[in-house]
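Q: A single structure is presented below for examination.
The values are calculated or read from the model by the stated rules, or taken from the named source; none is laboratory data. None of these values were measured; they are calculated from a predicted model. Note that each Cβ is placed from the backbone with ideal geometry, even for glycine, and that neighbours are counted across all protein chains shown. Calculation scope for accessible area: heavy atoms of the full protein, side chains included, ligands and nucleic acids excluded. Shrake-Rupley method; radii C 1.70, N 1.55, O 1.52, S 1.80 Å.
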Amino acid sequence: MPGVDDWISTPLSLVQGLFAQNGPGWEKKVTEYFHERLRENKAATLVPSLNDVPPHYLKPDSLVRFRCMVQDTFDPEYYMGVYETVDPRSGCRTLHFGKYKDLTDCAPQHEVDLNSSRSVTWERQTLYCVPVPGEAAWAKEAYSGSSQARACASTSYTPNRQKRSYEEEEEMGPRKERHAGDDGRPEADRSGTDAHSAQQNPAANCAPAIDLNFPLPGEKGPACLVKVYEDSDAFKVNDVIEVYGVLSVDPALSAVNEDRDAASALLDLYEGMDTAEEQRVHSPPASLVPRIHAIVTQKLQHINPLMPADLRDTEEGKRFFCSFLSEAASVRAELLGFLTQALLGDGLAAEYVLLHLISSVYARCDVLPLGKFALNLSGCPRNGSFSRLLYGILQQLVPASHYLPMTIDNMNGLRFVPHKDYSANRLVSGLLQLSSQTCLMVDETLLEQGQLDTKGVLNVTALGNLITWQKVDYDFSYHRMEFPCNINVLVASEGRSLLPSDCHIHLRPQTAPDNMEQHLGALLAASLPTLLNKFRIYLSLLRFLDYNISEEVTKAVEEDFVEMRKSDPQSISADDLHRLLVVARLLSLSAGQTSLSRERWLRAKELEMQRKSRLQDQKYVNGNEL
């Protein structure tokens, strides 16, 4: 019924009104209107999210939102921005807008006049978007819990063709009766994983299933084709964005896969597609890959639902920033104690893991990424049990993460680097296609003797380049294209890792629990949700702190370095000084301080001395450790 929710339930009606009233300026009026509505207090939480609600529970042509990562960008798409229909009998003409739509609006007995002088062809960009890879369960739950939207299965929508079920669209073959719960999961949760499994074992004589192209295996949630109309050049592959737009799920969008003639009502969507494979990938079934016509699209500074979306340019964000920084030192002490218990009583290792978790690339000097702090935690028990359990702890602290068992089979079998599929004209995702500030834990304790094949060598090389240069070279067959990234890599190993790192710390447990799983499980169980939320905010917020070193402190550091070189030239090199400065920077930030003090510099020197001393001790115990 008419009311305050009209802008959510029937956005196209509002667009129609603005189109009819404003003439040439109607587009700007539309974006201004929705921007203003979304700025209202908690108005955005009223919009249903595809991250929480399956598409078939949402009303077609309603306003929805989607938090996602841009996995691929398709070629620009031309469409009928404004077009005219005519009634051949009466000659009556009607002007329509084509923006935010896939299909033409044409009354019975009316036809689209393709030769009308009032018709206008415009261009829009299509982004293929997937849920944020490795997004933590706690983050998803927090986002979902803040939503005030209500959604129910729409019964008012009657498609002009019978809508196929999710299972039929995924398998693209003879119908197989399945019901929610047959495999222990609700129907909505199978939309991603079933398509992937069907791809691995396609039925005989059936067309291949649609691959949702998730970077990480086992991911759930919808993939979407996001049609962007404004500032389309602002969005790049791997950007994390939030989209507010019109949901389009008409079954006619799948017609190109079945009958090209049946797609005649589409607004020039498929012109220029060269191959059937490209048509299949770029126009997948709308029930499986819905379309969102973006009205408001914004890059996300972070994906921590416990913090304001904008920390820098809003009063709310600035107040939140200042308020939390006042208690940063106390939260640091609590988090350090928590990590010390997780690392079996090793306080020094906990210090370095904490610094690793708040590290982030803040600038690039030529090819050198500044701010990264990849950590090698050696001394982890073999077989991966401790490493996996430690990852479970870290997973509760960061918004996005992934655990990579470094086995011969994984190195040889997994696809790490995305590559371009020219027959389908798309970027096929790889495991290293991750969003910024994702925590990647590589478990080297599972590595056994074996032979790396060519693919395995390339994967290990790609992983090393990611750690060293914070970049992944995507494979475009005839050339490689460099994609910069910002991924925190923690390598757990028994001895010194085969992979490069910025810092190597050897774990020295102070306790030996009989049951490791029970010990670490009890640690999480004893931590109140409010305390965990403090840790989560702390680790995310400190990445946004600016940092500087005064001229006075810079001069003192230089003098100190000269003195250290004089006393023992072999003890410290240029690389050691660089690491020392990075540790000092992260120590300052971890206490909520934006400049280096003499106290933090001395503390950094002390930590580095202890770390190196421990590595020397380990060298005498195990000669191949260093």
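Q: Which residue, of 50, 103, 63, is modelled with pLDDT under 90 and among the hydrophobic types (A, V, I, L, M, F, W, C)? Walk me through it before giving the result.
A: Details: 50 fails: modelled with pLDDT under 90; 63 fails: modelled with pLDDT under 90.
Selected residue: 103, the only one of 50, 103, 63 that is modelled with pLDDT under 90 and among the hydrophobic types (A, V, I, L, M, F, W, C).
Q: While we're looking at this one, here's another question. Taking the range 44-74 as the region of interest, how many residues are more than 21 Å from the chain's Cα centre (by Cα) and open to solvent by 50 Å² or more (accessible area, probe 1.4 Å)?
A: Residues flagged as more than 21 Å from the chain's Cα centre (by Cα) and open to solvent by 50 Å² or more (accessible area, probe 1.4 Å) within the range 44-74 amount to 5.
Q: Inside the range 332-385, can you point out the residues that are touching an Asp or Glu at 6+ places or on another chain (Cβ under 8 Å), of a type in the set (A, V, I, L, M, F, W, C) and open to solvent by 20 Å² or more (accessible area, probe 1.4 Å)? Even if it seems obvious, please write down each step before you answer.
A: If we filter the range 332-385 for residues that are touching an Asp or Glu at 6+ places or on another chain (Cβ under 8 Å), which is where we start, we get 336, 340, 372-375, 378-382, 384-385.
Those left that are additionally of a type in the set (A, V, I, L, M, F, W, C): 336, 373-375, 380.
Answer for the range 332-385, where residues must be touching an Asp or Glu at 6+ places or on another chain (Cβ under 8 Å), of a type in the set (A, V, I, L, M, F, W, C) and open to solvent by 20 Å² or more (accessible area, probe 1.4 Å): just 336.
Q: Scanning the range 545-577 for residues that are within 30 Å of residue 328 (Cα to Cα) and of a type in the set (Gly, Ala, Ser), which turns out surrounded by the fewest Cβ atoms within 10 Å (Cβ to Cβ)?
A: 550
Q: Right, next: Determine which single condition residue 593 fails, assuming it passes every other condition in (1) of a type in the set (S, T, N, Q); (2) farther than 24 Å from residue 436 by Cα; (3) in a loop (DSSP other than H, G, I, E, B).
A: (2)
Q: Limited to the range 432-449, what total is found for residues that are touching a Pro at 6+ places or on another chain (Cβ under 7 Å) and closer than 15 Å to residue 460 by Cβ?
A: 2
Q: Mind listing whichever residues of the range 418-449 are assigned to a loop (DSSP other than H, G, I, E, B) and closer than 26 Å to residue 390 by Cα?
A: Filtering the range 418-449 for residues assigned to a loop (DSSP other than H, G, I, E, B) gives 418, 422-425, 429-438, 447-449.
Within the range 418-449, 430, 431, 432, 433, 434, 435, 436, 437, 438, 447, 448, 449 qualify.
Q: Search the range 288-312 for residues that are open to solvent by 30 Å² or more (accessible area, probe 1.4 Å) and pair each with any residue that is small (Gly, Ala, Ser) and not in a loop (DSSP other than H, G, I, E, B) when their beta-carbon atoms are under 7 Å apart and the residues are at least 6 apart or on different chains.
A: These pairs meet every condition: 305/139; 305/142; 305/146; 306/142; 310/317.
Q: Picking from 22, 41, which residue would you name as being open to solvent by 30 Å² or more (accessible area, probe 1.4 Å), part of a loop (DSSP other than H, G, I, E, B) and out of contact with any Ser or Thr (no Cβ under 7 Å at 6 or more places or on another chain)?
A: Just one listed residue meets the conditions, 41.
Condition check ((1) over 16 Å from the mean Cα position of the chain (by Cα); (2) under 22 Å from residue 483 (Cβ atoms); (3) in contact (Cβ under 8 Å) with a residue 12 or more places away in the chain) across all residues:
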site	(1), (2), (3)
398	no, yes, yes
405	yes, no, yes
412	yes, no, yes
419	yes, yes, yes
424	yes, yes, yes
429	no, yes, yes
434	no, yes, yes
446	yes, no, yes
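Q: Okay, moving on. Among the residues of the range 313-326, what is the count of those that are closer than 20 Å to residue 241 by Cβ and open to solvent by less than 20 Å² (accessible area, probe 1.4 Å)? Please lay out each step first, then the result.
A: Taking the range 313-326 as the starting set, the residues that turn out to be closer than 20 Å to residue 241 by Cβ are 313-314, 317.
After this cut, where a residue has to be open to solvent by less than 20 Å² (accessible area, probe 1.4 Å) as well, the list is 317.
Of the residues in that region, 1 qualify.
Q: Next question. Filter the range 386-407 for residues that are of a type in the set (Ser, Thr, Tyr) and surrounded by 18 or more Cβ atoms within 10 Å (Cβ to Cβ); which is nearest to residue 542 (Cα to Cα)? Give the steps one after another, and end with the answer.
A: In the first step, residues of the range 386-407 are kept if they are of a type in the set (Ser, Thr, Tyr); the result is 387, 391, 401, 403, 407.
Okay, now just the ones that are also surrounded by 18 or more Cβ atoms within 10 Å (Cβ to Cβ), so 387, 391, 401, 403.
On the way: 387: 26, 391: 21, 401: 18, 403: 23 Å.
By that ranking, first place goes to 401.
Q: Residue 602 - would you say it is open to solvent by less than 50 Å² (accessible area, probe 1.4 Å), out of contact with any strand residue (DSSP E or B) (no Cβ under 6 Å at 6 or more places or on another chain) and in a helix (DSSP H, G or I)?
A: Details: open to solvent by less than 50 Å² (accessible area, probe 1.4 Å): no; out of contact with any strand residue (DSSP E or B) (no Cβ under 6 Å at 6 or more places or on another chain): yes; in a helix (DSSP H, G or I): yes.
No; evaluated as a whole, the condition is false for this residue.
Q: Would you call residue 75 of a type in the set (Asp, Glu), closer than 28 Å to residue 147 by Cα, out of contact with any Cys (no Cβ under 9 Å at 6 or more places or on another chain) and modelled with pLDDT of 90 or more?
A: On the way: of a type in the set (Asp, Glu): yes; closer than 28 Å to residue 147 by Cα: no; out of contact with any Cys (no Cβ under 9 Å at 6 or more places or on another chain): yes; modelled with pLDDT of 90 or more: yes.
Spelling it out, it is not the case that residue 75 is of a type in the set (Asp, Glu), closer than 28 Å to residue 147 by Cα, out of contact with any Cys (no Cβ under 9 Å at 6 or more places or on another chain) and modelled with pLDDT of 90 or more.
Q: Now, a different point. Restricting to the range 92-151, what's the tally of residues that are assigned to a strand (DSSP E or B), in contact with a Gly (Cβ under 8 Å, 6 or more places away or on another chain) and either open to solvent by 10 Å² or more (accessible area, probe 1.4 Å) or not β-branched (Val, Ile, Thr) (or both)?
A: Within the range 92-151, the subset assigned to a strand (DSSP E or B) is 93-97, 103, 111-112, 120-130, 135.
If we keep only those that are in contact with a Gly (Cβ under 8 Å, 6 or more places away or on another chain) as well, we get 97, 120-122, 130.
If we keep only those that are either open to solvent by 10 Å² or more (accessible area, probe 1.4 Å) or not β-branched (Val, Ile, Thr) (or both) too, we end up with 97, 120-122.
Total satisfying the criteria: 4.
Q: Right, another one. Please give the helices (runs of 4 or more DSSP H) falling wholly within the range 452-550 in which 1 or more residues are under 22 Å from the mean Cα position of the chain (by Cα), modelled with pLDDT of 95 or more and closer than 20 Å to residue 402 by Cα. First the steps, then the outcome.
A: Details: elements: 454-469, 516-526, 529-541.
Correct list: 454-469, 529-541.
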